[in-house]
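Colleague: Handing you a structure now.
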Amino acid sequence: MELLRNIFVTPFVDMVAAPDFLMQVVWEGLVSGVLYALIALGFVLIFRSSRIFNFAQGIMVVFAALTLVGLHEMGIPAWIAVAGTLGVMFALAWTVERVVLRPLVGQPDIILFMATIGITLFLIGFGETIFGGENKQMITAELGIPTGDFVLEPFGGLLILQHIDVTAVVVAGLLVVGLVAFLNYTRMGRAVRALGDDHQAALSVGISLQTIWVLVWFIAGVIALVTGIAWGSRAGVSFALEIIAYKALPVLMLGGLESITGAIVGGLLIGVLEKLFEIYWGAPLLGGNTESWFAFVLALTVLLFRPQGLFGEKIIERV
Amino acid sequence: MLYRIAGQFKTNYRADQALFPVSQDAWLLGLILICAWVAFPLTASEFTFQTLLIPILIYSLAALGLNILTGYAGQLSLGTGAFMGVGAYACYKLLTIFPWMNPVVAILLSGLFSAGIGVVFGIPSLRIKGFYLAIATLAAQFFLIWLFEKWAWLYNYNTSGAIQVPNVDMWGITIAGPLASSTTQYYVVLAIVTLITLLCINLTRGNLGRMWKATRDMDIAAELIGINLMKSKLMAFAVSSYIVGVAGALFVFLWRGAAEPNLFDITLSFQILFIAIIGGLGSILGNYLGAILIVGLPVVLNSLPELLGVEIKSATLEHLNIMIIGSLIVFFLIVEPHGLARLWGLIREKLIKWPFPH
């Protein structure tokens, strides 16, 4: 009885009793959800255009952030370092396409998946060899990102919104709008979508597979850089960040592997729900730290009812 | 020349389907077994036992378990590490609750616990397919690690939160714990690995193995020709998790000597997956080749600078190691996506036909 009460009654009573705290929790969840969604977005882009399940996306986030900070530490001004990092991400995209993907075209999915894990390990080793393994400070101020906070007082309570987080949400929103516009209204974007629909048909109307793959990996790299700056200014930059790479997987599955909407909705949903669960159920009842598995169990539960994810394309199987 | 099969006539189907249709294969295996059972233990040093021989055997056993699931039955799993953990914790609990129990029996029993949990997390595979299924095993991976940390009963309420292997005797010889000698541990591991490998070879050649292969190649088609998918998939999860669980128990009891929850984290799962894929999915031999590569490589890379007389800081060396392993994985996938076992298959084919090209 006591247990049922703790599960079904007390948390909701707590929520109603302190609405400002609830809002704070939801906001925190939203912010991390936006970052999950951004990583998932990189995954979705690559998956749609090449059917490659790119495990390296999460590490690209860390690698991009590390390159940015590393270049700045070498005495390069912040904005030129950003340009330099973009250059590095382009070189990475080109190298990956040339060295890894091209020889592996047409191999089974799991082989390509393993290849991206190989890329992941390489990037971890490479990044740490060049820039060192210790935790670094993101160059927030140098990039002109405001660092103060808004203090709101809803319901006579207290709600603190960090400027960094607000900026992250706004930039992420702009990025998504830009991406959707790119995919829908430009020649290149249409080529990306065509490639996603049918490789052979796309090739036969003269779309270059290689160019599009480099492009898509580069866009994923740009998204990775934005995510890296946003996440890095909250938690510092080191390869300990790779844990968020794993978080993007349930986001992706929950939303559906092909869907941009799915990545965003999935990210926000998981971000908010895992925070709520941790604060109101996990910490008091289960001893805390439930964030490590909640997203996975949630995604698994949803998949049991919708095997293609919330927004994924319906899977039709024929013999 | 060495592999000439001329003169080896098969006069009935039985002989044609025997374990070794080519007698040289049997000779080669016999040679390897003699090396493993006699030559290595006589010549190996303590260091070789602890860094190469024992871990290679244990990792290949775990990869064998994963290979049954992913290579034979076609269900992707990213939770191998956690299932190894289940085996290890089950064995620890069994040996602390029943101290009189024969340790080998305890190790073999602990696989059953992991098999049970494997089946539970395998149930979603009836509905979820392909990469989406990875989420089920990932959920197992992260949830179980969390459970190992939070459920104090599992590690007997130790303050350290880690499990420590006690000294365990069998027939008057210490086989596990700080007092056990490496040679004894090696022989126990080798015996269990040999036994399970033999069982697996026959399992995958038999009825169940064919069901798995049909499920892997196309599960709808398999269902249409009358294969019970539920039985096939859940059996694959059960057998695979059993083997992985036994490997986990060996991993802690006969090699590491102590374990904390994050020993079984996703890095371990990926390491096992590398072994299975680089060795070759859907092959038994591949697991051993893969394990030799993945376990042996860091040892070689670590001793390389010393041999060459170059001085590198240990942290840098570690980073370089990760980088080199990453690139080698990509390299091997490009050279032979079907793994080292397939590479050996090609070489063997050439040897049989030698000196003719076709």
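Colleague: B:LEU31: accessible area at probe 1.4 Å, nearest 10 Å²?
Modeller: Only protein atoms counted, so the area is about 110 Å².
Colleague: Could you report the accessible area of B:ASP219 in Å², rounded to 10, computed with a 1.4 Å probe on the protein chains as they sit in the structure?
Modeller: Near enough 20 Å² of accessible area.
Colleague: Now a separate question. May I ask you to rank A:MET60, B:MET218, B:MET323 by accessible area, largest first, using a 1.4 Å probe over the protein chains only?
Modeller: Details: A:MET60 5, B:MET218 80, B:MET323 40 Å².
Listed by decreasing accessible area, they come as B:MET218, B:MET323, A:MET60.
Colleague: What are the GluC sites (Glu not before Pro) within the range B:249-347 that DSSP puts in a loop, where the Cβ has at most 10 other Cβ atoms within 10 Å?
Modeller: Those satisfying the criteria are B:GLU311.
Colleague: Computing the accessible area with a 1.4 Å probe over protein heavy atoms, can you report the carbon and sulfur percentage for chain B?
Modeller: Details: 11360 of 16720 Å².
The C+S portion of the solvent-accessible surface of chain B is 68 percent.
Colleague: For Cα pairs less than 8 Å apart in space and 6+ apart in sequence, what is the mean separation divided by the residue count of chain A, i.e. the relative contact order in percent?
Modeller: That works out to 33 percent.
Colleague: Okay, next question. Using only the Cα atoms of the range B:115-178, what semi-axes does the equivalent ellipsoid have when each is the square root of 5 times a gyration tensor eigenvalue? Give whole Å, largest first.
Modeller: Values for the range B:115-178, descending: 34, 17, 9 Å.
Colleague: Most fluctuating residue of B:LEU57, B:LEU254, B:LEU333 in a GNM of chain B with Cα springs under 10 Å: which is it?
Modeller: B:LEU333
Colleague: Would you tell me the accessible area of A:ILE130, worked out with a 1.4 angstrom probe on the heavy atoms of the protein chains, in Å² to the nearest 10?
Modeller: About 90 Å², ignoring ligands and nucleic acids.
Colleague: List the lysines whose Cα lies under 16 Å from the Cα of A:LYS247, skipping any in the same chain that are fewer than 8 positions away.
Modeller: Result set, ordered by chain and number: A:LYS275.
Colleague: Let me ask something else about it. Viscosity 0.692 mPa s, temperature 37 °C: what is the translational diffusion coefficient of chain B from Stokes-Einstein with a Kirkwood Rh over Cα pairs, rounded to a whole number of µm²/s? The partial results should precede the final answer.
Modeller: On the way: Rh = 21.6 Å.
In µm²/s, the coefficient rounds to 152.
Colleague: Checking buried surface per residue: for the range B:295-331, which residues lose a minimum of 30 Å² accessible area in the protein assembly relative to the chain alone (1.4 Å probe)?
Modeller: B:HIS319, B:ILE322, B:MET323, B:GLY326, B:VAL330
Colleague: Of B:ALA315, B:LEU203, B:MET170, which is farthest along the charge dipole of chain B in the positive direction, counting Lys and Arg as +1 and Asp and Glu as -1 at C-beta?
Modeller: Most positive-ward Cα: B:LEU203.
Colleague: Given Cβ point charges of +1 (Lys, Arg) and -1 (Asp, Glu) and nothing else, what value in debye, to the nearest 20, does the dipole of chain B about its Cα centre take?
Modeller: Computed charge dipole of chain B: roughly 1060 debye.
Colleague: Which of the helices in chain B meet the span-like rule: DSSP H, Cα axial reach of 18 Å or more, Kyte-Doolittle mean at least -1.0?
Modeller: Helices meeting the criterion: B:54-67, B:80-97, B:103-122, B:134-150, B:182-205, B:229-250, B:266-279, B:285-308, B:314-335, B:340-353.
Colleague: Oh, and also: Name the residue farthest towards the positive end of the dipole of the range B:46-265 from the options B:ASN102, B:THR137, B:PHE264, assuming +1 on Cβ of Lys and Arg, -1 on Cβ of Asp and Glu, about the Cα centre.
Modeller: About the Cα centre, the residue reaching furthest to the positive side is B:THR137.
Colleague: Out of the trypsin sites (Lys or Arg not before Pro) in the range A:1-79, which ones are loop residues according to DSSP with at most 16 other C-beta atoms within 10 Å?
Modeller: A:ARG51
Colleague: Right, another one. With every protein chain kept in place and ligands, DNA and RNA left out, what is the accessible area per residue of the range B:214-259? Probe 1.4 Å, answer in Å².
Modeller: I get 37 Å² per residue for the range B:214-259.
Colleague: Round to the nearest 10 and give me the degree value, 0 to 90, for the angle of helix A:260-277's Cα axis relative to the longest principal axis of chain A.
Modeller: With rounding to tens, the tilt is 30 degrees.
Colleague: Please state, to two decimals, what the Cα-based radius of gyration of the range A:202-319 comes to when divided by 2.2 N^0.38 Å (N = residues).
Modeller: My calculation over the Cα atoms of the range A:202-319 gives 1.31.
Colleague: Based on alpha-carbon positions alone, could you give the equivalent ellipsoid semi-axes of the protein assembly as shown from the gyration tensor, as √(5λ), descending, whole Å?
Modeller: Taking √(5λ) for each eigenvalue gives 43, 31, 26 Å, largest first.
Colleague: Between B:ALA176 and residues 5 or more places away or on another chain, which pairs have amide H atoms under 5 Å apart, with H built 1.01 Å from N, and which residues are they?
Modeller: B:VAL168
Colleague: So, with +1 on the Cβ of K and R and -1 on the Cβ of D and E, and no other charges, what is the size of the charge dipole of the protein assembly as shown about its Cα centre, to the nearest 20 debye?
Modeller: In total the dipole reaches around 2280 debye.
Colleague: Among B:LEU273, B:VAL252, B:SER303, whose Cα lies farthest out toward the positive end of the dipole of chain B, if unit charges sit on the beta carbon of Lys, Arg (+1) and Asp, Glu (-1)?
Modeller: With unit charges placed on the Cβ atoms, the residue in question is B:LEU273.
Colleague: Which whole number in µm²/s is D for chain A by Stokes-Einstein, with the Kirkwood Rh taken over Cα pairs at 10 °C and 1.306 mPa s?
Modeller: Working: Rh = 20.8 Å.
Roughly 76 µm²/s, to the nearest whole number.
Colleague: Per residue, what accessible area does the range A:32-305 have, given a 1.4 Å probe and all protein chains present, in Å²?
Modeller: Numbers: 10310 Å² over 274 residues.
Ligands and nucleic acids excluded, the result is 38 Å² per residue.
Colleague: Here is a follow-up. Roughly speaking, what is the centre-to-centre gap between the range B:227-266 and the range A:37-77 when only Cα atoms are used, to the nearest Å?
Modeller: Each part's Cα centre sits 33 Å from the other's.
Colleague: In addition: Per the Cauchy relation, a quarter of the hull surface: what is the mean projected area of the convex hull of the alpha carbons in the range B:1-109, in nm²? Don't skip to the end; give the middle numbers.
Modeller: Numbers: hull surface 46.5 nm².
For the range B:1-109, the mean projected area of the Cα convex hull comes to 11.6 nm².
Colleague: Throw me the Rg/Rh for the range B:228-358, computed over C-alpha atoms with Kirkwood Rh, two decimals.
Modeller: With Rh from the inverse mean 1/r over Cα pairs, Rg/Rh is 1.06.
Colleague: Put B:CYS200, B:CYS35 in order of accessible area, largest first, 1.4 Å probe: what do you get?
Modeller: Ranked list, largest accessible area first: B:CYS35, B:CYS200.
Colleague: Still on this structure, please answer the following. Can you give the accessible area buried between chains A and B, summed over both chains, with a 1.4 Å probe, in Å² to the nearest 100?
Modeller: Buried area between the two chains comes out at roughly 4100 Å².
Colleague: When the Cα centres of the range B:172-223 and the range A:84-149 are compared, how far apart do they sit, in Å?
Modeller: Result: 38 Å between the Cα centres.
Colleague: Ordering A:GLU317, A:GLU134 by how much accessible area each has at a 1.4 Å probe, largest first, what is the list?
Modeller: A:GLU134, A:GLU317
The values are calculated or read from the model by the stated rules, or taken from the named source; none is laboratory data. Keep in mind that what you see is a predicted model, and the values were worked out from it rather than measured. Heads up, the Cβs are rebuilt from the backbone with ideal geometry, glycines too, and the neighbour counts pull from every protein chain shown. Heads up: the accessible areas ignore ligands, DNA and RNA and are worked out on the full protein's heavy atoms, side chains in. Shrake-Rupley method; radii C 1.70, N 1.55, O 1.52, S 1.80 Å.
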